[in-house]
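Note sheet for the following structure.
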Amino acid sequence: MSTLTLTDMAAPLRALRLLTAEYGHLPAPTVQVSTVYPDRLELTFHDDLSDFEAWRGVLGIAPSSVEYGEQSDGRTRVLRAQVDYAGALLRLTGYATIYEAATVGGAA
């Protein structure tokens, strides 16, 4: 059982409220606020890195600060970035499938 109260999670909830008011027109992410990390707001984007990039741009996160990785045996591209926003640590994560290049005539 958590000993935290909802007030203890005010920073990420405030950040979410401000993001909704300012950037409500942007693509909707999966949103996570957790008692494990009560000062963190996580926005996750699946299948389309352009949604991740739209949010990265409006939040002023430099492209050079985005971390790149791969998972699922190189089948999934992962982008991660974070920024302090309205007193919360805002973490963006984007996932996209890596498609193999088409081969010509069946040869690799």
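The values are calculated or read from the model by the stated rules, or taken from the named source; none is laboratory data. All values derive from a computational prediction rather than experimental measurement. Here Cβ is always computed from backbone atoms with ideal geometry, including for glycine, and neighbour counts include all displayed protein chains. When the accessible area is computed, the model is the full protein with side chains, heavy atoms only, and any ligands, DNA or RNA have been set aside. Shrake-Rupley method; radii C 1.70, N 1.55, O 1.52, S 1.80 Å.
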*Just for region 50-86: of the residues that are within 21 Å of residue 99 (Cβ to Cβ), in a loop (DSSP other than H, G, I, E, B) and open to solvent by less than 70 Å² (accessible area, probe 1.4 Å), which one is modelled with the highest pLDDT?*
66
*Tell me, yes or no, whether region 8-26 has at least one residue that is β-branched (Val, Ile, Thr) and open to solvent by 60 Å² or more (accessible area, probe 1.4 Å).*
yes
*Given the conditions (1) touching a Lys or Arg at 6+ places or on another chain (Cβ under 7 Å); (2) more than 18 Å from residue 88 (Cβ to Cβ); (3) not acidic (Asp, Glu), report the number of the one that residue 12 does not fulfil.*
(2)
*May I ask you to say which residue of 31, 58 is in contact with a helix residue (DSSP H, G or I) (Cβ under 7 Å, 6 or more places away or on another chain), over 20 Å from residue 10 (Cα atoms) and of a type in the set (A, V, I, L, M)?*
58
